[in-house]
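Worksheet: one structure, shown below.
The values are calculated or read from the model by the stated rules, or taken from the named source; none is laboratory data. Bear in mind that the values here come from a model prediction, so they are computed numbers and not experimental data. Reconstructed Cβ throughout: ideal geometry from the backbone, glycine too, with neighbour counts over all protein chains shown.
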Amino acid sequence: MNLRILVVEDELLIALAMEDMLQTFGCEIIGPASDIGEAEKIILKERLDGALLDVNVRGRLVYPVAEMLIERSIPLILCSGYATTNVIPAPYCALPQIAKPYDQDTLYRMMTRVFADTEARTPPAAWARPFDRSGELSG
């Protein structure tokens, strides 16, 4: 795959497992960032081909990071235990999602689809609306 992938994940064991999988795919791991501020700094200074973002990072929603990536046309995948529910609000629910826990084959298929698809680099029409950052997830 030979991609530079930003990983935003606050759970150490999950981040390590994700790193192992990404290395198996031939990716260069950028991060992992364990908080929103660190992720934002990385986006400003690194060349990225894609990103895997945990939705809830230390009690904060990762959507500001997603917005920065979208503005830079960097494809991303939201990774969360919430990914298969309606907890992720519009317009973020339109982004590619993978539910935790996931295995190596599932992650590879999702990354191949999202990071190889040039349409994934174009924000959905819902991005034209202002973002609502009022919600916070707990746990």
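Within region 9-28, the set of residues being touching a residue at least 24 places away in the same chain (Cβ under 8 Å), surrounded by fewer than 18 Cβ atoms within 10 Å (Cβ to Cβ) and not hydroxyl-bearing (Ser, Thr, Tyr) comprises Glu11, Ile14, Phe25, Gly26, Glu28. For the condition under 23 Å from Ser34 (Cβ atoms), modelled with pLDDT of 95 or more and in a loop (DSSP other than H, G, I, E, B), Leu69 does not qualify. Among the residues of region 1-26, the ones that are more than 14 Å from Leu76 (Cβ to Cβ) and assigned to a loop (DSSP other than H, G, I, E, B) come to 6 in all.
May I ask you to verify whether Pro64 is out of contact with any Ser or Thr (no Cβ under 7 Å at 6 or more places or on another chain) and touching a residue at least 60 places away in the same chain (Cβ under 8 Å)? Here the answer is yes, as Pro64 does meet what is asked. Mind listing just one residue for me: the one in region 34-63 that is of a type in the set (Lys, Arg) and part of a helix (DSSP H, G or I) and, of those, surrounded by the fewest Cβ atoms within 10 Å (Cβ to Cβ)? Among those that are of a type in the set (Lys, Arg) and part of a helix (DSSP H, G or I), it is Lys45. Just a yes or no: is a residue in region 88-97 part of a helix (DSSP H, G or I), among the hydroxyl-bearing types (Ser, Thr, Tyr), out of contact with any His (no Cβ under 8 Å at 6 or more places or on another chain) and touching a residue at least 40 places away in the same chain (Cβ under 8 Å)? The answer is no, given that none of the residues of region 88-97 is part of a helix (DSSP H, G or I), among the hydroxyl-bearing types (Ser, Thr, Tyr), out of contact with any His (no Cβ under 8 Å at 6 or more places or on another chain) and touching a residue at least 40 places away in the same chain (Cβ under 8 Å).
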